[in-house]
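Novice: Please find one structure pasted underneath; my questions will follow.
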Amino acid sequence: MPLRSDWSEALCPIGRSLDVLGDPWVLLIVRDVLHGRSRFDALREGLNISEAVLSRRLHSMVDAGLLKRVDYQDGARTRQEYAGTEAAADLLPILQQLALWGEKHTAMPAGGGHMAMIHETCGEETTHGEVCSSCGERLVAEAMTWVKPWKNVRVTLGPEGSLV
């Protein structure tokens, strides 16, 4: 018996979207690729995910067109890392809106803190996922910084985030 339904042929675009994005690991992997984690080991460590689960998810995300494999040299050996596609880049507003929803509708655990999303073009924090709430410009990865106080980091997204 399958673990879930197959909505790949659904007439409803929400159903088809959930067929690709319905597994929480998918959005977490896209988030990490946006942050520049593009290699298998970095993704595994950052997500605290088993190798088998990560391998299956990466394979399905490449098949779905969210990620692509890119060769790189590791000494004399050619290896592969993952880069986001346009489909992954189009998830940025959804990820940002999920962060905003989570801050509004879920309890903040001890040690947490407000994740500020800074639109670097105008230098202001945005309270919207797709369009800057300060200047009205469409938000793209290369113009975004996420401030994560629980990790004491400020992460700039964009080209280093491997979105192509």
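The values are calculated or read from the model by the stated rules, or taken from the named source; none is laboratory data. Bear in mind that the values here come from a model prediction, so they are computed numbers and not experimental data. Cβ: placed from backbone, ideal geometry, glycine included. Neighbour counts: every protein chain shown.
Novice: Can we say Glu45 is in contact with a Lys or Arg (Cβ under 9 Å, 6 or more places away or on another chain), surrounded by fewer than 16 Cβ atoms within 10 Å (Cβ to Cβ) and in a loop (DSSP other than H, G, I, E, B)?
Specialist: In short, no.
Novice: Okay, moving on. With Thr156, Thr126, Thr121 as the choices, which residue is surrounded by 17 or more Cβ atoms within 10 Å (Cβ to Cβ), touching a Cys at 6+ places or on another chain (Cβ under 9 Å) and either outside the structural domain of Ser17 (by TED's automatic domain parsing) or under 30 Å from Ser8 (Cβ atoms) (or both)?
Specialist: The match here is Thr126.
Novice: Could you pull out the residue among Leu21, Leu54, Leu67 that is touching a Ser or Thr at 6+ places or on another chain (Cβ under 7 Å), surrounded by 13 or more Cβ atoms within 10 Å (Cβ to Cβ) and either of a type in the set (A, V, I, L, M) or under 23 Å from Glu142 (Cα atoms) (or both)?
Specialist: Leu67
Novice: Please go through region 81-118 and pick out each residue that is surrounded by 15 or more Cβ atoms within 10 Å (Cβ to Cβ) and either aromatic (Phe, Trp, Tyr) or touching a Lys or Arg at 6+ places or on another chain (Cβ under 6 Å) (or both).
Specialist: Glu81, Tyr82, Ala83, Thr85, Leu95, Met115
Novice: Okay, moving on. When you scan region 89-105, how many residues do you find that are of a type in the set (D, E, K, R) and either in contact (Cβ under 8 Å) with a residue 40 or more places away in the chain or in a helix (DSSP H, G or I) (or both)?
Specialist: 2
Novice: Another question, then. Which of the residues belonging to region 15-38 are within 19 Å of Val153 (Cβ to Cβ) and in a loop (DSSP other than H, G, I, E, B)?
Specialist: Listed by number, the residues that qualify are His35, Gly36, Arg37, Ser38.
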